[in-house]
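All remarks here apply to the structure that follows.
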Amino acid sequence: MRLSIAFASAAILVTAAVPALADALTIYSPQGGERGQWIAERAKAAGHDVNLLNAGGGELYDRLVAEKNNPQADVVLGMVDTSMALLKKIGLFQPYSPSWATDLPAQYKDAEGLVHKFWQTPIVLAYYPDRLSDAEVPKSWLDLTKDEYDGKYVIGSTAAQTTRMYLAGILVRFLDPNGEVSDKGWDFLSRFYARGIVANDADSQLEAFKSGRACIDLNWLGGAFKRANDLGAKVQLIDTDGGTPVISEGVAIMAGTDQLDKAKAFVDWWGSADVMAAYAAKFGQAPVLPEALAKSPAIVQENAKLVKAQPIDWDAVAPKLDRWLQKIELEIR
């Protein structure tokens, strides 16, 4: 793969092997920092000659689209359902069924054999039991607009992945026969915003909880635990009626790769049960491959059972989500 691009300053090149870039497998991934380094080091130890190029998911998505006619990546790893669905839709990926795909649950692979998911992240509704009793907690995401929860939950920026995912999880409950959000759904979302505390950055969100105003956290699983830890508080998850949105990161091989054999070998290695279980032990992420989950630490297995997944067709949602978010920004927030 000929690497002729210059990434934005936020991007990081993690080299996992000594050979020149022209000989290495180029992987685009939002997995950076310690996680990216772990992937690169483990890949090298397993004999994979790779260069991991890291940037934010939005930046990577835009770059992949811009490079459609002159692709620079061989593999895309770690982008979420909606991004992978859109990249698939414009023809950037090629079919490949990795060795671990046979036992992968159906919801984590597509019919075309282009994208395979490897771990899951619940977008949870959580609460602080020192501020809200068990009897007072909402039973569903749709309960949040009730009078008793006015000013008790925080809504993040629509640019944030977590916010985008729980907004999608809410809106898909109000789809009409044409697959569009009904007037009832938009009315609900107007009330949802009117009763919530809108805070666009992490500091202002944390301050809302520090002040005691907020006691219900709309967050990804690890984020909910981290925020509680930052506050020195306990947090409880709610297994909501109707389920919890669960996003999954996927891996796919680029249609334009000139290193197909290397790409296949890397994908086979990456999603294997032993690698996924090792990642789970290091970072606490829950694999979706049953064998990998069975090999993961007990706490990871327990966390994977805390909530029921909400059924969401991300392939159907993905092309509409930006339009929905634009309406929220212009008409509701």
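The values are calculated or read from the model by the stated rules, or taken from the named source; none is laboratory data. Predicted model, so just to flag it, every value in this text is computed and none were measured. Here Cβ is always computed from backbone atoms with ideal geometry, including for glycine, and neighbour counts include all displayed protein chains.
Here are some notes:
- Annotation: ASN51 fulfils all but one of (1) within 21 Å of PHE283 (Cβ to Cβ); (2) polar (S, T, N, Q); (3) in contact with a helix residue (DSSP H, G or I) (Cβ under 7 Å, 6 or more places away or on another chain); the unmet one is (1).
- Positions within the range 283-333 being over 15 Å from PRO122 (Cα atoms) and small (Gly, Ala, Ser), in sequence order: ALA292, ALA294, SER296, ALA298, ALA316, ALA318
Okay, residues lined up against (1) out of contact with any His (no Cβ under 9 Å at 6 or more places or on another chain); (2) over 25 Å from ALA304 (Cβ atoms):
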site: LYS109; (1), (2): no, no
site: PHE118; (1), (2): yes, no
site: ASP143; (1), (2): yes, no
site: GLY169; (1), (2): yes, no
site: ALA194; (1), (2): yes, yes
site: VAL198; (1), (2): yes, yes
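- Residue in the range 120-136 that is within 20 Å of GLY196 (Cα to Cα) and without any contact (Cβ under 8 Å) to a residue 60 or more places away in the chain present: yes
- Residues of the range 186-203 classified as within 24 Å of the chain's Cα centre (by Cα) and either touching a residue at least 24 places away in the same chain (Cβ under 8 Å) or closer than 23 Å to GLN326 by Cβ (or both), total: 9
- Candidates LEU260, LEU321 - the one that is under 19 Å from GLN161 (Cβ atoms) and either modelled with pLDDT under 95 or surrounded by fewer than 17 Cβ atoms within 10 Å (Cβ to Cβ) (or both): LEU321
- When residues in the range 167-183 are screened for being free of Cβ contacts under 8 Å to residues at least 40 places away in the same chain and either loosely packed, with under 15 Cβ neighbours inside 10 Å or part of a loop (DSSP other than H, G, I, E, B) (or both), 5 of them pass.
- Residues satisfying the stated conditions in the range 229-251, i.e. touching a helix residue (DSSP H, G or I) at 6+ places or on another chain (Cβ under 7 Å) and over 18 Å from LEU132 (Cα atoms): ASP230, GLY242, PRO245, ILE247, SER248, GLY250, VAL251
- Selection count, the range 144-166, where residues are closer than 29 Å to MET79 by Cα, outside any strand (DSSP E or B) and aromatic (Phe, Trp, Tyr): 1
- Listed by position, the helices (runs of 4 or more DSSP H) contained in the range 184-302 that have at least 2 residues being touching a strand residue (DSSP E or B) at 6+ places or on another chain (Cβ under 7 Å) and within 30 Å of VAL75 (Cα to Cα) are 260-270, 273-283.
- Candidates GLN94, GLN161, filtered to the one that is in the same structural domain as ASP23 (by TED's automatic domain parsing), in contact with a strand residue (DSSP E or B) (Cβ under 7 Å, 6 or more places away or on another chain) and surrounded by 15 or more Cβ atoms within 10 Å (Cβ to Cβ): GLN94
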